[in-house]
Structures are given as structure tokens and as C-alpha cells.
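Structure first, then comments.
Each value in this text was obtained by applying a stated rule to the coordinates, not by laboratory testing. Every value quoted in this text rests on a predicted model; they were computed, and no experiment measured them. FYI the Cβ positions are ideal-geometry reconstructions off the backbone, even for glycines, and counts take in every protein chain you see.
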Amino acid sequence: MATVDDRTLPFAWYSDEEVLRRERTRIFARAWQYGGRAEQVAEPGSFLATDAGGVPILVVRDKAGELRAFINVCRHRGAVLTDGCGKRETIQCHYHAWTYGLDGSLRTAPRSDREPGFDKADWSLLPAKADTWGPFLFVNPDPDAPPLAEYLGDLPSILARDIDLDGIVFHSRVEFGASANWKVVVENFLECYHCPTAHPSFSDAVDVHPDRYRLEPHETFSSQFCEARGTGERGQFHLVYPNTGINVFPGPANLSIGPIVPHGPHRTERYLDYFFAPGLDEDWLREFFAFDDQVGKEDTTLVESVHRGMASGLLDHGRLLLASEPLLAAFQRWVEARLDAD
Ligand code: FES
Ligand SMILES: [Fe+2]
């Protein structure tokens with residue numbers, strides 16, 4: 001469905017099972033998405049079970065040191081093959097013990113010798129893709145996807161203006177969610193038009209004036225740049241399409257990154273992996289997390305309200321303010337192009 005530039009997507013697209021089904025096949029099944037930390041699969045023989053927009057993904061570092069990824073679904077009867085992370089010679093399904101090598105090949109399937117015509121070579125794990133960017137691991141269910149570096153384009157050099165990815169270490173993962181469609185959550189992240197009204201503490205800390213809070217759409221990602229009031233220290237917020245958020249607040253080196261994952265049309269689950277410069281003061285960290293949590297709670301209230309309003313069903317669409325919400329317009333066009341594609 002075509003929309004003029006300042007129209008939002010149809011509100012019905014935010015609670016429709018069929019739209020989510022198309023988003024799964026046309027967007028999430030083909031997209032690079034944050035899947036964990038590169039250090040979790042640094043050693044030969046290590047594996048990590050992760051997820052790409054609802055698709056279970058198994059990432060392994062094989063004996064030769066090559067990073068490989070597979071759909072983490074057993075070829076027998078479809079169990080999610082394994083979870084967690086660690087080091088193994090082989091990956092054994094927890095259901096009937098079909099056992100796969102780190103190259104994805106089926107090595108043993110108990111009792112399969114009693115089956116005429118059973119050829120293990122036909123039942124390898126389906127391939128997917130994994131790649132790293134500094135300390136970050138990205139996954140893509142599509143084995144034919146372009147390389148991650150190509151997809152990220154200028155983003156690594158933009159981020160490098162304000163943070164050195166070699167100078168930060170993993171601190172912790174925080175999980176959270178909201179009763180809202182994943183696009184509502186993404187779109188809330190793509191503008192700071194709501195900051196003066198809804199985020200008093202953020203707006204005290206950061207200059208949210210439209211002339212100084214910069215918005216920059218790119219082909220595969222969207223960027224926002226800000227400065228702290230008083231100090232002028234810089235922050236950056238990025239969305240790598242479709243669903244990976246990256247936050248760098250002004251101040252000592254800090255970064256959080258994580259996916260925004262649909263769990264049905266009415267629910268979104270998220271996590272953020274936090275990285276900091278080593279040795280930061282505990283009090284500073286406590287304050288940082290309290291601030292981040294406060295802003296996050298304010299956003300959860302907003303997106304759940306938007307989702308309820310959209311799902312009421314009486315409004316067809318809304319009106320974007322293109323000077324303040326250009327990143328939403330770009331994201332919505334991106335989504336629409338994929339859902340419309342054959
Ligand atoms: S489903 Fe994996 S071995 Fe049966
Ligand atoms: Fe917000």
C-alpha cells in the first residue's frame with residue numbers, strides 16, 4: 001500500500017498477525033541482527049545459541065578457527081537443538097540425541113541404521129551467517145546475506161568518532177520488554193521529539209533542542225547525535241535496520257547494544273549488553289544505570305500507550321512531522337518496501 005511521505009504506516013499493521021508473518025519472512029529472516037558478544041565464540045570449538053528476530057541461531061567457531069552459523073533447529077523433528085554457550089566437539093540434540101559436527105553435518109542419529117535409505121548427508125543443519133564487528137557478534141538467518149561490514153557501511157567510522165570499541169569491556173546484560181508492537185518500540189527510539197515532554201532527566205542532561213540534536217538517516221541505519229548540556233560531551237544513538245539499537249551516552253566510555261524482537265504482534269522483548277571503559281567508579285555506574293532505567297521506564301509507558309491507541313482500530317493512520325521525525329519516515333518506507341516486495 002502506497003502512502004504519502006508524512007503519513008504513518010497504517011495503524012492496523014501494528015497489531016496484525018499476517019503483517020508480522022510477512023515481517024518475519026521478508027525482514028527478520030534476512031537481516032543482520034545483534035546476537036551476542038564476539039568473545040563468546042572466540043575460541044576454536046566454542047558455540048553460542050542465540051536468536052535473530054525469533055529465528056534460533058547456533059554460532060560456532062570451528063576447529064580451524066572459522067566462524068560458522070546454523071539454524072539452531074534439529075533436522076529430526078524440529079527441536080531447538082541446544083541453548084547456552086560453551087565448548088564442545090559436537091552438538092547433540094537434547095530430544096533423541098542426533099549429533100552434529102561443528103561444520104553442521106549430521107554425524108550420528110541413533111537407530112538410523114535400521115532405516116533403509118537414510119542418508120546422513122541429507123540432514124545437515126541449515127546454514128546461516130555470523131560475523132563480528134569489534135566486540136559485537138551479529139547473526140543473519142540468510143546464508144546469502146551480504147557481508148556484515150558491507151551492510152554496516154559508514155556506521156563503524158561514525159561510531160569511532162566518539163568511542164573506541166577496543167577500549168570498552170562487557171559489563172552486564174539487562175533484559176526487558178513492553179506490551180507493544182516491535183515497530184512502535186523502534187519508532188519511539190527514532191525521535192527525540194518526545195524528549196522534552198516525556199524524559200525530564202534526559203532533557204536536563206542532554207540538549208534536545210531540534211537545532212542541536214541531529215538526526216541522520218542512512219541506507220541501512222539511522223543515527224542521532226547529541227551533546228551534554230554544560231560539558232558538550234557527545235553521544236550517539238543508532239538503529240541498525242531493522243532492530244538493533246546502539247546507545248552511547250555523553251560521558252566516560254559507555255555503550256549498550258541489543259535487538260528489539262517481536263514476540264507476537266502485541267509484545268516486544270529486548271535486551272541490552274552494556275560495555276564500559278574498564279575501571280569506572282561504582283557510584284558512577286549505579287547512577288548511569290538508574291538514569292538509563294528511568295528513561296527506559298518512561299519509554300515503556302509511551303510505547304504501551306501508543307500500541308493501545310493504535311489497536312483501538314478507529315484511526316487508520318497518523319501524521320508524521322517530517323522535520324522532527326525524518327528517521328521514522330525513513331524506517332517506515334524501509335519496512336513498507338520490504339513488505340510490498342514480491
Ligand atoms: S528432534 Fe532432535 S533428535 Fe529428535
Ligand atoms: Fe524515549
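Data for the structure
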quantity: Taking N as its residue count, the alpha carbon Rg of segment 225-278 over 2.2 N^0.38 Å; calculated: 1.36
quantity: Per-pair calculated FRET efficiency, R0 = 45 Å: residue 165 and residue 211 via Cβ, rounded to 0.05; calculated: 0.90
quantity: Normalised alpha carbon radius of gyration of segment 257-342 [divisor 2.2 N^0.38 Å]; calculated: 1.46
quantity: Cross-link reach list, lysines versus residue 183, counting only Cα pairs under 18 Å and skipping chain neighbours closer than eight places; calculated: 297
quantity: Dipole magnitude (debye, nearest 20) for the chain, charges at Cβ of Lys, Arg, Asp, Glu; calculated: 1120 debye
quantity: Lysines with Cα under 21 Å of residue 129, excluding same-chain neighbours fewer than 8 positions away; calculated: 63, 87
quantity: Chain lengthening between residue 64 and residue 30 when straightened (0.36 nm per residue, less Cα-Cα); calculated: 9.6 nm
quantity: For the chain, alpha-carbon Rg relative to the globular expectation (2.2 N^0.38 Å, N residues); calculated: 1.06
quantity: For 132, 50, order by how many other beta-carbon atoms lie within 10 Å, fewest first; calculated: 132, 50
quantity: Neighbour count of at most 16 Cβ within 10 Å plus DSSP loop: longest GluC sites (Glu not before Pro)-free window in the chain; calculated: 90-218
quantity: Axial C-alpha extent at least 24 Å, average Kyte-Doolittle at least 0.5 - helices from the chain (DSSP); calculated: none
quantity: Neighbour-count order for 76, 199, fewest beta carbons within 10 angstrom listed first; calculated: 76, 199
quantity: Of 278, 163, 145, farthest towards positive along the dipole that unit charges on Lys, Arg, Asp, Glu beta carbons give the chain; calculated: 145
quantity: Residue-span extension gain [residue 103 to residue 90] - 0.36 nm each, minus C-alpha spacing; calculated: 3.8 nm
quantity: Among 161, 229, 111, residue whose mean-square fluctuation peaks in a GNM of the chain (springs only between Cα atoms under 10 Å); calculated: 111
